[in-house]
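Below is one structure; the comments refer to it alone.
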Amino acid sequence: MTNADTAPSPLRQRDPEAAAWLQREDKRQAVTLTLIASENHCSAAVREACASRITDKYAEGYPNRRYYGGCEVADGIEELARQRAMQLFTGAEDANVQPHSGTTANLAALVALAGPGGRIVGMALKAGGHLSHGHDKSHTGMLFDARQYGVDPSGRIDLDEVRRTVREHHPKVLIAGGSSYTRNIDYAAFAAIAHEASAFLMADIAHPAGLMAAGVVPSPVGIADVVTMTTHKTLRGPRGGMILARKDCAKLINSSVFPGAQGGPLVHQIAGKAVAFGEALRPEFRGYQQRVKDNAAHLAQCLIGHGLEIVTGGTDNHIVLVDLRATDVTGATVEERALAAGLSVNKNAVPGDQRPPMVTSGLRLGTAAVTTRGFGRDEIARIADVIAGLVRGNDPERFRPVVRELCEAFPLP
Ligand SMILES: *Cc1c(COP(=O)(O)O)cnc(C)c1O
C-alpha cells in the first residue's frame, strides 16, 4: 500500500465504512481486466471534476435562463461542455449535456419526437438493440406504441426489413443503433427510410460515440435528426447522457429534458463531460480510438483462430460478439469462469438465441477499457488465449497469474 492509500482523507476519517467500499472498488478495477463493452476507465482529471463542489449547486433551466441565482459558474461549465461537444461532433447544431443517463436521454428525445403514445420503431433487444428502444419492460415500451425490427440470420441489419416495418407501421420515430451491434450502420439509408415515411430518425450512438468523435467509424451526426449517446462508454467521460439535435428539433428536445424528464442538472457530471470532451479534442484521442478498433478486430481474428464463432465474422467497432452455440457452454457459464480468472465480460444473446436472457449463448467483449490501460496486439492475443481456454473448460485459476501480470504491467489511469 502506498501512502496515498492510507493517508487520512475527509472520507476515510468521517466514514471509514463507505471509504473502505470505495477503496475496494479501486482494488477490484486494478486487478480486473474489463472487457465489458459498455465500460471504460475515465481519466483522473474527469474524476476530479465529478468530485467537485459544484455538486451542491441547483441550476434548473439552461445557461443564462436559470430558475436559481448564483448560476454564473454552472452557466460557464455547461456552455464549455456544449461548445466542446459541438466541436467534437462536427455538424451538430445543438447539444444538450444535461441527461443523467443514456436512458433518460432516449426517453426525453422520444417524448419530444413521438409524443406520448406515439409510435416508434427500434431494433429489438434480443437482436442487439437497447431496452430503451421500446422493449416492453422499459417505459419506452409502455408509454409509446413500439414496434421492432431484428437482424438477418448472419447478424446484420436487413434494411429491407427496416423499410417494410416503417412502411407498414408509419412510426413518428425510427431508431438506429444498439448495444451489441458490431457493424457500421448505413445512417443515410436509415434517414431515407424514415424521411420517406415522414418520421424522425433518432440515432443512438451510446456505444460507438468515442469512435465516431475520433472519425474512425462513420457517424450519423448531420444525417440523423437527433443523436443520443452516453458519455461513459467509448467516449471515456463520466457516467451520463447527451443529445445532439438539428436546430429545428433543439427547442423540443431541450424542454423535453428539462422540465420534461429531469429536474436540476448534475453540474458536477457536466463538468466531467466538459473535461472528457476537451480530452477527446486532443490529437491523441484519435490514436486511442484507432487502437480500440484495431484491438477489437485483432481479438475477433484471434478467437476465430481458436475455432470460436464470431457473430458476422468480425467487427467494425469496439465490440466482439462470440456465438457459443457450437460449443458445450452457455454465456452465463463463461461469464462466471471469466470472473474467476479476473476478466469481467458479459453474457449476451446472439441472433436467434433460444436460451433465456439470464443464460444466453453469447459473450460480448469490448476493447475500450483495456486499450485505455495500454493494451496492444500482443496483450489482446493473450486475452484471446485465456477466453478460448475458459470456453474449453480449463480451470479459471490457471489463468489468474496471466491476468494479474497484465494488470500490473498496464495500470489504471
Ligand atoms: C448503454 C446504452 C444506453 C443507456 O445508457 P444508460 O446510461 O445505462 O442509461 C442507451 N442506448 C444504448 C444503445 C446503450 O448501449
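The values are calculated or read from the model by the stated rules, or taken from the named source; none is laboratory data. Here the structure is a predicted model, which means the values were calculated and not measured. All Cβ positions, glycine included, derive from the backbone under ideal geometry; neighbour counts span all protein chains shown. For the accessible areas, the whole protein counts, side chains as well, though only heavy atoms, and no ligand, DNA or RNA atoms are used. Shrake-Rupley method; radii C 1.70, N 1.55, O 1.52, S 1.80 Å.
Mind checking the full-extension length gain between residue 152 and residue 381? Use 0.36 nm per residue of separation minus the Cα-Cα distance, one decimal, nm.
Details: separation 229, 0.36 × 229 = 82.44 nm, distance 2.98 nm.
Fully extending the segment from residue 152 to residue 381 adds 79.5 nm.
Counting only DSSP beta bridges with both residues in segment 49-280, the antiparallel share comes to about 40 percent. Springs between Cα atoms under 10 Å define the GNM used for the chain, and in it the highest mean-square fluctuation of 295, 64, 346 occurs at 64.
For the chain, which whole percent of the accessible surface, found with a 1.4 angstrom probe, sits on carbon and sulfur atoms? If you can, show how the numbers build up before the last one.
Numbers: 9310 of 17930 Å².
C and S atoms contribute 52 percent here.
Using the 1.4 Å probe convention, the accessible area of segment 49-280 works out to 38 Å² per residue with neighbouring protein chains retained. Per-residue SASA remark: residue 196, around 110 Å² accessible (1.4 Å probe; ligands, DNA and RNA not included).
If r is the Cβ-Cβ distance from residue 72 to residue 19 and R0 is 30 Å, what FRET efficiency results, to the nearest 0.05?
Details: r = 33 Å, r/R0 = 1.11.
Rounded to the nearest 0.05, the efficiency is 0.35.
The loop-placed trypsin sites (Lys or Arg not before Pro) in segment 79-173, going by DSSP, that have at most 12 neighbouring Cβ atoms within 10 Å of their Cβ come out as 137. Per residue, segment 284-409 exposes 40 Å² of accessible surface when a 1.4 Å probe is rolled over the protein heavy atoms with every protein chain present.
Can you compute the charge dipole magnitude of segment 49-280 about its Cα centre, using +1 on each Lys and Arg Cβ and -1 on each Asp and Glu Cβ, nothing else charged? Give it in debye, rounded to the nearest 20. Please list the in-between numbers first.
Details: 23 positive and 21 negative charges, 57 e Å.
Dipole about the Cα centre, nearest 20: 280 debye.
Classified by the C-alpha gyration tensor, segment 284-409 has an oblate form. Its axis ratio a/c, with a ≥ b ≥ c, is 1.5 or above, and a/b does not exceed b/c.
Which GluC sites (Glu not before Pro) does segment 11-112 hold that lie in a coil by DSSP with at most 13 other beta carbons within 10 Å?
Listed in order of number, the matching sites amount to none.
An oblate overall shape is assigned to the chain, the ratio a/c of its alpha-carbon gyration tensor axes (a ≥ b ≥ c) being 1.5 or greater and a/b not exceeding b/c. Rounded, prolate or oblate for segment 207-248? Axes are the square roots of the Cα gyration tensor eigenvalues, ordered a ≥ b ≥ c, and the cut-off for rounded is a/c under 1.5. Judged from the Cα gyration tensor, segment 207-248 comes out oblate (a/c at least 1.5, b/c at or above a/b).
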